[in-house]
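Bear in mind that the values in this text are calculations on the coordinates, not laboratory data. Small disclaimer: the values here were computed from a predicted structure and weren't measured. We place every Cβ from the backbone using ideal geometry, glycine too, and count neighbours over all the protein chains shown.
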Amino acid sequence: MDELIATGAAEIAAHAERELEALVAISSPSGDLEGAEEAIALCAALLPPEARTERVACSTPGSAPDFIGRITGTGSRRLLLLGHLDTVISHAAHAAMRHDGERLYGPGSVDMKGGVVLSLGVARALATRPDTFAELAVLLVTDEEWRTHEFEHVERFAGYDGCLCFEGGERTPAGDEGVVVRRKAAGTLRIAAAGRASHSGSAPDKGANALLALARVAPLLVAHHDPSGPLHRSVVPTVMRAGEAFNVVPAAGELIFDIRADRLDAFETVLEAVPDAVDEVTLRARMERRWPGMDSGEATAVLLARASDALGRRIAGVPRGGASDASHFASAIPLTVDGLGPRGGGAHTPQEFVLRPSLRERAEVALALALGCLEASQMG
């Protein structure tokens with residue numbers, strides 16, 4: 001194993017558990033300004049002292065500004081380390097980190113505060129070798145879990161030589177270190193229904209039932225669900241709301257679908273399948289989120305092979321269904337690799353956890369890939 005990988009990962013692991021405990025202790029659900037500011041202050045303190053920090057507008061209006069830390073070196077290549085600080089866990093459900101054998105339980109621990117801790121550790125390790133990079137940037141956003149607006153940061157980092165994102169890590173079925181090189185495009189389809197209220201007992205047929213109209217639309221769209229087909233498209237209804245009283249025909253409602261596919265244009269067929277009206281209920285459909293897909297498998301093949309050699313164990317590129325900010329950068333930075341965070345499970349649930357041994361193991365993986373991205377010969 002390369003000396004910097006071995007020593008750097010050991011140093012990262014020596015502090016990672018305490019740093020993760022401190023970061024998990026901060027409740028930072030999406031949209032919470034106080035929690036985001038506290039988390040950013042902690043992360044800024046964990047960067048090397050020579051880092052220059054700045055705050056930039058978040059993609060989601062009203063969210064705390066995003067955070068960028070930059071370190072200047074004397075090398076020739078630029079590397080972006082990417083993560084997010086927001087969680088889906090509310091203040092009411094928040095709890096301090098608890099230890100149970102090899103598991104470190106805590107809200108946001110694997111998605112993705114554990115990854116943020118590793119990204120900051122990688123930044124510190126690389127800062128000891130400024131000859132290996134021209135610029136090292138850490139971007140931490142505050143809205144990844146709930147963003148529906150256009151992502152703001154791609155142009156700012158276009159032309160960088162590599163992007164490493166620290167969503168939760170995994171092992172392959174063969175036991176190799178898995179990193180994510182392929183993700184589906186992700187979309188959120190929202191359908192608003194406008195009907196007509198009436199008394200559900202004395203005049204049930206004088207109303208135009210928004211709930212019933214949405215229920216009839218759902219199977220029309222689910223007919224386009226074909227995850228094994230050529231576009232690998234999934235169409236899943238996830239939220240339905242309608243009605244305000246048990247004895248009133250609901251005049252309004254909404255239905256939300258989560259859609260995934262290999263390509264963004266695969267969403268259009270589903271959108272076009274929504275009728276303008278059903279039984280006097282007007283329907284209005286719009287795509288609220290359009291996150292691009294990611295396929296950097298071919299572009300990163302040589303990188304993964306070289307990093308595997310430096311690490312002394314195989315790093316394998318794998319696909320993953322969930323969305324990530326890495327997908328936004330993949331078109332502008334060909335050497336984009338995701339899933340570099342620690343291994344764990346239970347993301348988005350009260351039982352979310354990180355596996356303690358993986359803090360060091362995944363730090364080794366991340367350092368191997370970071371050094372590979374920074375090799376001047378990498379792009380051939």
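Annotations for the structure displayed:
- Whether the stretch 17-117 is rounded, prolate or oblate, judged on the alpha carbon gyration tensor where a/c under 1.5 counts as rounded: oblate
- Counting only Cβ charges, +1 for Lys and Arg and -1 for Asp and Glu, the dipole size of the stretch 160-304 around its Cα centre is about 420 debye.
- Three-way shape call for the stretch 113-230 based on the alpha-carbon gyration tensor, with the a/c threshold at 1.5: prolate
- Estimated vicinal HN-Hα couplings, Hz - the stretch 9-14 in sequence order (Karplus 6.51, -1.76, 1.60; Gly, Pro = x): 5, 5, 5, 4, 5, 5
- Table column - 3J(HN,Hα) (Hz), the stretch 90-99, Karplus curve with 6.51, -1.76, 1.60, x for Gly and Pro: 6, 4, 5, 9, 6, 8, 5, 5, 10, 9
- Total formal charge among the other residues, if their Cβ is under 10 angstrom from that of residue 260, Lys/Arg +1 and Asp/Glu -1: +1
- Net charge contributed by nearby residues that have their C-beta within less than 10 Å of residue 153 (K/R +1, D/E -1): -3
- Charged-residue dipole, Cβ positions (Lys, Arg, Asp, Glu), the chain about Cα centre, Debye nearest 20: 380 debye
- Ordering of 118-124, 4-10, 46-52 by packing [mean C-beta count within 10 Å, highest first]: 118-124, 4-10, 46-52
- Cα gyration tensor category, rounded, prolate or oblate, for the stretch 310-380 with a/c compared to 1.5: oblate
- Electrostatic bookkeeping for residue 10 treats Lys and Arg as +1 and Asp and Glu as -1; over the other residues with beta carbon under 10 Å from its beta carbon, the sum is -1.
- The stretch 186-290 - percent relative contact order, Cα under 8 Å, separation 6 or more: 42 percent
- Ellipticity estimate at 222 nm from DSSP helix runs (n ≥ 4, -39,500 (n - 2.57)) divided over the chain, nearest 500: -9000 deg cm²/dmol
- For residue 178, the residues whose amide H sits under 5 Å from its own are 170, 171, 172, 316, ignoring neighbours fewer than 5 places away on the same chain, with H placed 1.01 Å from N.
- Over all projection directions, the Cα-based convex hull of the stretch 186-290 averages an area of 6.2 nm².
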